[in-house]
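The values are calculated or read from the model by the stated rules, or taken from the named source; none is laboratory data. Given the structure is predicted, the values throughout are model-derived calculations rather than measurements. Here Cβ is always computed from backbone atoms with ideal geometry, including for glycine, and neighbour counts include all displayed protein chains. Accessible surface areas use protein heavy atoms only, side chains included; no ligands, DNA or RNA. Shrake-Rupley method; radii C 1.70, N 1.55, O 1.52, S 1.80 Å.
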Amino acid sequence: MYFMEISRKNFLKLGMFSGFGFALPDWAAKWALKPREDLPPPLLDETSAHTVCGLCPSGCGMRVRRVDGRAVGVSGIAKHPVNQGSLCPKGAAALQELYHPDRVRGPLLRDGARGSGSWKKITWQAAFELLSKKIVRAGAGNRKLPFAALTSARAWDIQGEMLRGLAGSPGKDNFFALGFPLSEPPSDAYEKMHGLRQVGFDITRAKLVVSFGFDWLQSSCAPVETQRAFALLRSASGKERAQIIQIEPRLSVTAGKSDQWIAVHPGTEGFLALALARQLIANGTYDRGFVNSRCQGFEDFKNSLERYSPQEVSEVTGTPPKEILLLADKLGSLKPSAAITNRGPLLTQLAVHALNALLGNISEGGVFLTVENMAGFRADDSALETLTRHPPEALLVDRVNPRFLSPLEWKGIVADTHFVATVSPFLTETAEFSDMVLPCHTPLERGHCSFHVSADGSAVLNAAVKAVEPLYDTRDPAEIFMLTALALGRTDVPADFNSCFIGHIKRLQAEKLLTENGEGGGWREISGPASASPRFATRSGKIVFTALTALLGRQNLKKPPRNGEFPLYIHSYSPLAFSFGEGAHLPYLQSVAGPQIQDAWETWAEIHPDTAETHGISDGAAIWVASQRGKIKARARLDDSAMPGVLSLPVGLGHTAYGRWAAGAGSNPMELGMGESRVKIWKD
């Protein structure tokens, strides 16, 4: 309600108008002083549409509320098997992505030096002709890798399939998928131990969940499902309540909600897992039956663990030997259990999964499952190595931003590539240094035909037409790749995108999904929960310890140095708002990124008060953080729960592009280098 200040001047004004009203004839006074009664607004056409969120790879079902065809609200679909009616903060921000004022509204061609920000508008026809010419010329060049395509790691979808088809056959080794290890499962360990990467786990089956360096309530590739699994573990639902133990350097969201947090120095989680394996074997509490019948190389692995006693590992990890012994007892008694981690250092992946093998968690009644699904586009670490050694003549980047996620490495690759085209709704750091930008639809504007794997291992097929008409002169990514193929003279693709899209839907026998509910989209569970009987694709048909044993033969158990030029450990983590390194362009996600420390819109550094005092730093001070490869600015946030000698930094801020709300907000910890574990700090 609005109140006017009654000053002398305003009082006289009020009296004048009141007197004027009383002086009028009755009919005039009624006309002049009668409140205006506006007619109610006309009823608008309100509809809804089913679609897929699309702001992360989890494949949550989303209902879009439309008024006169415009999206005005989003909500989760209660019956969808992936999210069951819920949305994470990213899903809630879908409208901000759609209506973002800094979206690229038509094709752009560089009109100056790379990174100068000088562009000229071109037509789509000109864009396809130029891109196709560059691809043809690249093939005629002398480079070992003429043309390469780069996308994000995810399950199968039509967009990735069209890009893979444009790049050529898989044997050409020019199609790469960029992953985000903080949010990926330890698929390298699965491949080396199971012989396949399609392995999942259903932690709701476990009586004990032990997580090594994986903030799974924040960093999971399927956050809604993960948080629902946490609720089920906590509710118990008629069975004994499961215990959750979190092992990592920081009191994360997951650690704060666990029964126990065990602090370790960054990067040493794998050593702790090895000490636990050694103790399980020494106590005789491992699953002898499973190990004898389903495992290979156990004796060599057992012998390689001699160096990893609780006392020696304690000196490296910072975890008291007593805690290691108690945790080994819990693992040996509470079954089934689940030892989980993300796709971090290979040693940690293998050591943690070896615990599951020792405990028989990969068997009937266990937690780990064989997932039968479309292979999709798996994270390929060879992309960085291959493209560094052999920069391509032409590079097509599909909705990933490598110059932000791995800036030190990808700046050189992009600079050494003659022609770079980026498919993106926004001018990201990679797009800014490209030669051409091909703007694509946001998820609400494009059709979906994709597979996703639920937390229990069930495979879900999503199919949906676009929820709203595109706002600008943009295209579906799959359409961009299809029309580029046509411009190259390819005859194995349809003449129009609608035929191509419907063709994929029909091949998957999913036409009914587009019409069965009258809202343009649906889903189908193409397989139930994955089988608890594991399938091992190794030569022996068993789970193997060989890769881990070989790695331990080359591994040194080093004690952390007490001082030196870089005395502090660094621990990088991913807030849910910036999962996969994306989301800083949306103001809502910026505002909810750091609720536990009441910080937002800048990069903060969590540090223990004693460590801060040693370096002369107070709470809220601007500081520099430097590694051997780079330095960034951050805001010091003193936290009693922080591990002494460890600096924790969130990943996702520090953009130089990506729209008005991302550019200039904070610093990018990835500028310090990938895998850097030691830093120094000083007050700005």
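Computed quantities for the displayed model
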{"item": "Residue within the range 213-223 that is open to solvent by 60 Å² or more (accessible area, probe 1.4 Å), in contact with a helix residue (DSSP H, G or I) (Cβ under 7 Å, 6 or more places away or on another chain) and in contact (Cβ under 8 Å) with a residue 12 or more places away in the chain present", "result": "no"}
{"item": "Qualifying residue in the range 200-213 (condition: in a loop (DSSP other than H, G, I, E, B), touching a Phe, Trp or Tyr at 6+ places or on another chain (Cβ under 9 Å) and within 19 Å of Arg154 (Cα to Cα))", "result": "no"}
{"item": "From Lys335, Lys302, residue being modelled with pLDDT under 95 and open to solvent by 10 Å² or more (accessible area, probe 1.4 Å)", "result": "Lys335"}
{"item": "Residue count, the range 629-644 (criterion: farther than 23 Å from Ser252 by Cα and either out of contact with any Phe, Trp or Tyr (no Cβ under 7 Å at 6 or more places or on another chain) or acidic (Asp, Glu) (or both))", "result": "2"}
{"item": "Members of the range 391-401 found to be surrounded by fewer than 24 Cβ atoms within 10 Å (Cβ to Cβ) and not charged (D, E, K, R), listed by number", "result": "Pro391"}
{"item": "Whichever residue in the range 655-684 is part of a helix (DSSP H, G or I) and aliphatic (A, V, I, L, M) and, among such residues, is farthest from Asp215 (Cα to Cα)", "result": "Leu672"}
{"item": "Number of the condition not met by Ala495 [criteria: (1) crowded, with 24+ Cβ neighbours inside 10 Å; (2) over 24 Å from Glu97 (Cα atoms)]", "result": "(1)"}
{"item": "Some residue of the range 505-514 being in contact (Cβ under 8 Å) with a residue 60 or more places away in the chain and out of contact with any Lys or Arg (no Cβ under 8 Å at 6 or more places or on another chain)", "result": "no"}
{"item": "Residue under evaluation Phe176, criteria (1) part of a loop (DSSP other than H, G, I, E, B); (2) in contact with an Asp or Glu (Cβ under 9 Å, 6 or more places away or on another chain); (3) open to solvent by less than 40 Å² (accessible area, probe 1.4 Å); (4) not small (Gly, Ala, Ser), criterion not met", "result": "(1)"}
{"item": "Residue count, the range 660-674 (criterion: open to solvent by 20 Å² or more (accessible area, probe 1.4 Å) and either touching a Phe, Trp or Tyr at 6+ places or on another chain (Cβ under 9 Å) or free of Cβ contacts under 8 Å to residues at least 24 places away in the same chain (or both))", "result": "5"}
{"item": "Any chance Ala255 is in a helix (DSSP H, G or I), open to solvent by 10 Å² or more (accessible area, probe 1.4 Å) and aliphatic (A, V, I, L, M)", "result": "no"}
{"item": "Positions within the range 259-292 being in a loop (DSSP other than H, G, I, E, B) and of a type in the set (Asp, Glu), in sequence order", "result": "Asp259, Asp287"}
{"item": "From Gln311, Gln296, residue being free of Cβ contacts under 8 Å to residues at least 60 places away in the same chain and open to solvent by 10 Å² or more (accessible area, probe 1.4 Å)", "result": "Gln311"}
{"item": "Checking Gly581 against (1) under 27 Å from Ser424 (Cα atoms); (2) in contact with a strand residue (DSSP E or B) (Cβ under 9 Å, 6 or more places away or on another chain), the condition it does not meet", "result": "(2)"}
{"item": "The range 341-358, residues that are touching a strand residue (DSSP E or B) at 6+ places or on another chain (Cβ under 6 Å) and over 13 Å from Leu272 (Cα atoms)", "result": "Asn356, Ala357"}
{"item": "Subset of the range 318-350 that is among the aliphatic types (A, V, I, L, M) and within 24 Å of the chain's Cα centre (by Cα) - its residue that is farthest from Asp381 (Cα to Cα)", "result": "Ala338"}
{"item": "Strands (runs of 3 or more DSSP E) within the range 50-146 that include 2 or more residues more than 30 Å from Pro575 (Cβ to Cβ)", "result": "61-67, 108-110, 119-121"}
{"item": "In the range 115-139, residue farthest from His585 (Cα to Cα) [restricted to those that are in contact with a Ser or Thr (Cβ under 8 Å, 6 or more places away or on another chain) and not small (Gly, Ala, Ser)]", "result": "Ile135"}
{"item": "Residue in the range 528-538 that is open to solvent by 70 Å² or more (accessible area, probe 1.4 Å) and modelled with pLDDT of 85 or more present", "result": "no"}
{"item": "Flag for Phe368 being farther than 30 Å from Leu471 by Cα, at pLDDT below 95 and not β-branched (Val, Ile, Thr)", "result": "yes"}
{"item": "Residue identified as part of a loop (DSSP other than H, G, I, E, B), among the basic types (Lys, Arg) and open to solvent by 10 Å² or more (accessible area, probe 1.4 Å) among Arg241, Arg234", "result": "Arg241"}
{"item": "Filter result for Ser677 (closer than 22 Å to Ser406 by Cβ, at pLDDT below 95 and open to solvent by 40 Å² or more (accessible area, probe 1.4 Å))", "result": "yes"}
{"item": "Positions within the range 95-109 being within 20 Å of Ala663 (Cα to Cα) and out of contact with any Leu (no Cβ under 9 Å at 6 or more places or on another chain), in sequence order", "result": "Pro101"}
{"item": "The range 240-294: number of residues that are more than 33 Å from the chain's Cα centre (by Cα) and of a type outside the set (Gly, Ala, Ser)", "result": "13"}
{"item": "Residue in the range 317-328 that is touching a Lys or Arg at 6+ places or on another chain (Cβ under 9 Å) and farther than 27 Å from Gly553 by Cβ present", "result": "no"}
{"item": "From the options Lys322, Lys330, Lys335, Lys302, residue that is touching a residue at least 60 places away in the same chain (Cβ under 8 Å) and in a helix (DSSP H, G or I)", "result": "Lys330"}
{"item": "Residue count for the range 65-80, restricted to those that are open to solvent by less than 20 Å² (accessible area, probe 1.4 Å) and either within 23 Å of the chain's Cα centre (by Cα) or charged (D, E, K, R) (or both)", "result": "3"}
{"item": "Among (1) modelled with pLDDT under 95; (2) crowded, with 22+ Cβ neighbours inside 10 Å, the one test that Gly270 misses", "result": "(1)"}
{"item": "Residue match in the range 494-503 (condition: under 30 Å from Phe128 (Cα atoms), at pLDDT below 85 and over 28 Å from the mean Cα position of the chain (by Cα))", "result": "yes"}
{"item": "Only listed residue being more than 25 Å from the chain's Cα centre (by Cα), over 25 Å from Cys295 (Cα atoms) and open to solvent by less than 30 Å² (accessible area, probe 1.4 Å), chosen from Phe404, Phe419, Phe426, Phe377", "result": "Phe419"}
